[in-house]
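What follows is one structure encoded as structure tokens, with my remarks underneath.
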Amino acid sequence: MATRCTHTCSDCAVLACRSKTEEKYPAFCLTEKVDHQLLDQVVQIYKDDEELGNIARVSACIEGEFYGRLTRVEETIEFIKRMGYKKIGIASCVGLMNETRIFTKILKANKIKYYTVGCKIGAVDKTEIGIPEEKKLNRGCGHESMCNPIMQAKVLAEQGTDFNIVIGLCVGHDTLFLKHSEAPTTVMIVKDRVLGHNPVMALYTANTMYSRFKRELKL
């Protein structure tokens with residue numbers, strides 16, 4: 001049976017939806033084929049829900065005023081101030097605690113309250129949740145604490161944080177934190193030990209002879 005290919009936004013080279021240039025929409029355009037009833041419902045959410053609408057408006061205004069001028073750290077500080085958040089939760093990888101300390105100094109200088117929880121909170125051995133000894137980083141040579149993103153989320157909820165920031169949680173661990181965070185959350189640092197926490201470099205260099213994706217891209 002032949003596999004039916006469904007084209008989506010990543011197959012589009014026009015991106016005419018940015019300015020609603022309808023005559024340039026490709027045949028498979030998701031905006032062209034959008035469910036207008038669902039779209040109206042979504043737009044109404046921005047209008048009716050005070051918190052979600054405010055997040056959308058503040059984000060758009062920061063984009064309009066500072067696009068390409070502020071770093072991610074600066075944008076985050078500006079967002080916190082404009083949203084009026086009183087207490088910031090930080091879910092940090094313990095391996096990036098130095099970076100987190102620098103960020104908290106910036107928060108403190110801006111008179112922003114924060115509460116940081118490291119990923120190893122509770123010091124629960126990985127075997128407690130079924131991780132084999134041979135799959136530990138230390139290959140079973142003694143205790144090795146599991147990453148505990150659900151506990152990070154629970155502790156920050158107990159602390160009453162009204163905005164959370166993820167710093168360097170592993171793939172999957174960040175998923176669990178985002179799923180269980182009670183407060184709106186943004187990601188400041190995405191962990192990539194190989195590329196100095198700059199994962200987009202794998203895509204910028206994907207077409208070079210040194211790429212690890214030569215097989216997938218048929219280089």
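Residue by residue, what Karplus-based ³J(HN,Hα) values in Hz, rounded to whole numbers, does segment 19-33 have, using 6.51, -1.76 and 1.60 with θ = phi - 60° and x for Gly and Pro?
10, 6, 8, 4, 5, 9, 4, x, 4, 9, 3, 6, 6, 4, 9
Which whole-number percent gives the relative contact order of segment 3-90, counting Cα pairs below 8 Å spaced six or more residues apart?
For segment 3-90, the relative contact order is 16 percent.
Using Cα positions and a limit of under 25 Å, work out the lysines in reach of LYS20, with same-chain residues fewer than 8 apart set aside.
Leaving aside lysines fewer than 8 places away in the same chain, those within reach of LYS20 are LYS33, LYS47.
So what's the net charge close to THR127: Lys and Arg +1, Asp and Glu -1, counting the other residues with Cβ under 10 Å from its Cβ?
-1
Can you list, largest first and rounded to whole Å, the semi-axes you get for the chain by taking the square root of 5 times each eigenvalue of its Cα gyration tensor?
They are 34, 28, 19 Å, listed from largest to smallest.
Starting from the Kirkwood Rh over alpha-carbon pairs, what translational D in µm² s⁻¹ does segment 1-118 have by Stokes-Einstein at 4 °C and 1.567 mPa s?
It comes out at roughly 71 µm²/s.
Quick one: what Rg and Dmax do you get for segment 142-196 from the alpha carbons, in Å?
That works out to 12.0, 38 Å for Rg and Dmax.
HN-Hα J couplings of segment 73-89 from phi, Karplus 6.51/-1.76/1.60, θ = phi - 60°, integer Hz, Gly and Pro as x?
Per residue, the Karplus-derived 3J(HN,Hα) values read 4, 5, 4, 5, 4, 5, 5, 4, 5, 5, 7, x, 5, 9, 9, 9, x Hz.
Using the Cβ atoms and a cut-off under 15 Å, what net charge is assigned to the surroundings of ILE102, where Lys and Arg are +1 and Asp and Glu are -1?
+2
Please check the chain for the longest run free of GluC sites (Glu not before Pro) that are loop-located per DSSP (anything but H, G, I, E, B) and have at most 15 other Cβ atoms within 10 Å.
33-181
As a test of the definition: which semi-axes, in Å, follow for segment 96-159 when you take the square root of five times each eigenvalue of its alpha carbon gyration tensor? Largest first, please.
They are 30, 14, 6 Å, listed largest first.
Within segment 67-177, how many Lys pairs that are eight or more residues apart, or on different chains, come under 18 Å at the alpha-carbon?
So the count of such lysine pairs works out to 19.
Given the options ASN148, ASN138, ASN110, state which has the largest fluctuation in a GNM of the chain using a 10 Å cut-off (strictly under) for Cα springs.
Among ASN148, ASN138, ASN110, the largest GNM mean-square fluctuation belongs to ASN138.
Report the relative contact order of segment 109-219, percent, no decimals, based on alpha-carbon pairs under 8 angstrom and at least 6 residues apart.
In percent, rounded to a whole number, it is 18.
So which trypsin sites (Lys or Arg not before Pro) in segment 1-74 are both in a DSSP loop and have at most 12 other Cβ atoms within 10 Å of their Cβ? Walk me through the numbers before you get to the answer.
Details: sites: ARG4, ARG18, LYS20, LYS24, LYS33, LYS47, ARG57, ARG69, ARG72; in loops: ARG4, LYS20, LYS33, ARG69.
Here the trypsin sites (Lys or Arg not before Pro) that fit, given the DSSP loop and packing criteria, are ARG4, LYS20, LYS33, ARG69.
Normalised by the number of residues in the chain, what is the relative contact order in percent for Cα pairs under 8 Å and 6+ residues apart?
Working: 239 pairs, mean separation 30.3, N = 219.
So the answer I get is 14 percent.
Compute the convex hull volume of the Cα atoms of segment 22-81, divide it by the residue count, and report the result per residue in Å³ as a whole number. The partial results should precede the final answer.
Details: hull volume 7.5 nm³, N = 60.
It comes to 125 Å³ per residue, whole-number rounded.
Summing +1 for each Lys or Arg and -1 for each Asp or Glu, what net charge is found among the other residues whose Cβ lies under 10 Å from the Cβ of PRO184?
Summing Lys and Arg as +1 and Asp and Glu as -1 gives -3.
Name the residue, out of MET83, MET201, MET151, whose mean-square fluctuation peaks in a Gaussian network model built on the chain with Cα pairs under 10 Å.
MET201
Enter the Cα centre distance for the pair segment 11-31 and segment 118-189, rounded to the nearest angstrom.
Spelled out, the Cα-based centre of one part sits 40 Å from the other.
Every number in this text was worked out from the coordinates using simple rules, so none of it is lab data. Just so it is clear, the model here is predicted, and its values are computed rather than measured. A quick note on method: Cβ atoms are made from the backbone with ideal geometry, for glycine too, and the neighbour counts reach across all protein chains shown.
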